[in-house]
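Dropping the structure in here first, questions after.
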Amino acid sequence: MILDYGNEKAGTWEGFLYNRAMYIGINLAIQPFSVGVLSEQNEFMGVSWQVKTGLSEQVMQEIVNLCDRLGGSVQDIKGITVIHGPGSYTGLRIGVTTAKSLAQTLSCPLYSLGTLSFLLRSYRGMQGLILGVIPGRRTELNIQLFGGYQGGIREVSELFSIKTSALTRVLSGFKEPVMVVAGGIEDMSIFNDEVSVVPVSLSSYELALYARSQETEAGSVKFNDVLPLYSHEPVTGSVNVTSRKE
């Protein structure tokens, strides 16, 4: 039987092994938590859940199960993308540790992305101010202001941690329209009706796709540089907003 996988190794046993490559996406930063596996043939399987206990055992077991259901094993993993935060303390610690352990064991590339920058990936090129909002510790939120311009998006403020009760005051302080992109927020009533709010989620499929699209050599990855950014680490206090025109 001739197997055609659309590459120069098609029709050979080497080609079959090559195309069993798996790519992993891990989000344990904000809920719903998710893990996904993408094959070289663009077959995808993922799971998502909202739990706070038992994550350590569950995540690794889900990765093993998903690889198996796609006809491979963890030995076929060729790249991993993990969200490094900010977000859940327990989730980030487990997610980053799992990703680093797998990448080091398998000698495969590891890619680390920030929660807010990944959430706002779809808004590159959009004109105006965009406020990213995700849960922080208990009664807190993590927020960061971005400015969209033709061709991209840039950071306008630092990453801040504020009390949820202060959100209305922060939003009322803008002198020009601002769109809010909210990820992992369960109670949307914290936003007043005068603000445009877009609820978004982190996709393990897009995280796995990111890993597959990269061409970094495994040896060039500095695993020690991949560290979790916890919700208690952003700047706290008042938000000083500035904006610039391109």
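Just so you know, all these numbers are worked out from the coordinates, no wet-lab data involved. These figures come from a predicted structure and were not determined experimentally. Methodologically, a virtual Cβ is constructed for each residue, glycine included, from the backbone with ideal geometry; neighbour enumeration extends over all protein chains shown.
Sticking with the crude label model, points 7 Å out along Cα→Cβ, report the distance from E186 to T168 in nm, one decimal please.
My value for the distance between the label points is 2.2 nm.
While we're here: Among V51, V170, V197, which comes first, second and so on when ranked by fewest other beta-carbon atoms within 10 Å?
Details: V51 11, V170 20, V197 17.
Fewest-to-most ranking of V51, V170, V197: V51, V197, V170.
Turning to a different aspect of this structure: Based on Cβ point charges of +1 for Lys and Arg and -1 for Asp and Glu, what charge dipole magnitude is obtained for segment 122-200 about its Cα centre, in debye rounded to the nearest 20? Provide the component values of the computation, followed by the final result.
On the way: 7 positive and 8 negative charges, 38 e Å.
Taking the Cα centre of segment 122-200 as origin, the dipole is about 180 debye.
A further question follows. What is the gain in length, in nm to one decimal, between D193 and Q41 on full extension, counting 0.36 nm per residue of separation less the C-alpha to C-alpha distance?
Values: separation 152, 0.36 × 152 = 54.72 nm, distance 4.42 nm.
Result for the pair: 50.3 nm of gain on full extension.
While we're looking at this one, here's another question. Using a/c under 1.5 as the rounded threshold, could you call segment 122-200 rounded, prolate or oblate? The axes a ≥ b ≥ c are square roots of the C-alpha gyration tensor eigenvalues, and prolate needs a/b larger than b/c, oblate otherwise. Numbers along the way, then the final one.
Numbers: a/c = 1.68, a/b = 1.57, b/c = 1.07.
Prolate shape, in that a/c is at least 1.5 and a/b is the bigger ratio.
Which of the chymotrypsin sites (Phe, Trp or Tyr not before Pro) found in segment 142-222 are loop residues per DSSP with 16 or fewer other Cβ atoms within 10 Å of their Cβ?
Numbers: sites: F146, Y149, F160, F174, F191, Y205, Y210; in loops: F174, F191.
Answer by residue number: F174.
Moving on. Under 16 Å from a label point 7 Å along Cα→Cβ of Q214: give me every residue in segment 27-50 with its amide N that close.
Correct set: 27-28, 36-38.
For the pair R124 and Q50, how long in nm is the line joining their label points, each one 7 Å along Cα→Cβ?
It is 3.1 nm.
If you average the sequence gap of Cα pairs under 8 Å that are 6 or more apart and divide by the length of segment 110-204, what percent do you get for the contact order?
26 percent
Which value, in debye to the nearest 20, describes the size of the charge dipole of segment 24-151 about its Cα centre when Lys and Arg Cβ atoms bear +1, Asp and Glu Cβ atoms bear -1, and nothing else is charged? Don't skip to the answer; put the middle values down first.
Values: 9 positive and 7 negative charges, 92 e Å.
About 440 debye.
Taking the Cβ of L70 as the center, what net charge do the other residues with Cβ under 9 Å away carry, scoring Lys and Arg +1 and Asp and Glu -1?
Working: positive: R20, R69; negative: E43, D68, D76.
Its environment carries a net charge of -1.
Are there trypsin sites (Lys or Arg not before Pro) in segment 22-101 that DSSP marks as loop and that have at most 10 other Cβ atoms within 10 Å, and which are they? Intermediate values should be presented prior to the final figure.
Working: sites: K52, R69, K78, R93, K100; in loops: K52.
Loop-located and lightly packed - K52.
Okay, moving on. I need the phi-derived Karplus couplings for segment 175-184: 6.51 cos²θ - 1.76 cosθ + 1.60, θ = phi - 60°, integer Hz, Gly and Pro marked x.
For segment 175-184, the Karplus curve yields 9, 9, x, 9, 9, 9, 10, 10, x, x Hz.
If you project the alpha carbons of segment 40-175 onto their three principal axes, what span does each projection cover, largest first, in Å?
54, 37, 23
Identify the trypsin sites (Lys or Arg not before Pro) of segment 112-210 meeting these criteria: DSSP loop state and at most 11 other C-beta atoms within 10 Å of the C-beta.
Numbers: sites: R121, R124, R137, R138, R154, K163, R169, K175; in loops: R124, R137, R138, K175.
The qualifying sites are R138, K175.
A follow-up question, please. Under a Cβ-Cβ cut-off of 11 Å, what is the net charge of the residues other than T98 that fall near it, where Lys and Arg count +1 and Asp and Glu count -1? The partial results should precede the final answer.
Working: positive: R93, K100; negative: E57, E62.
That works out to 0.
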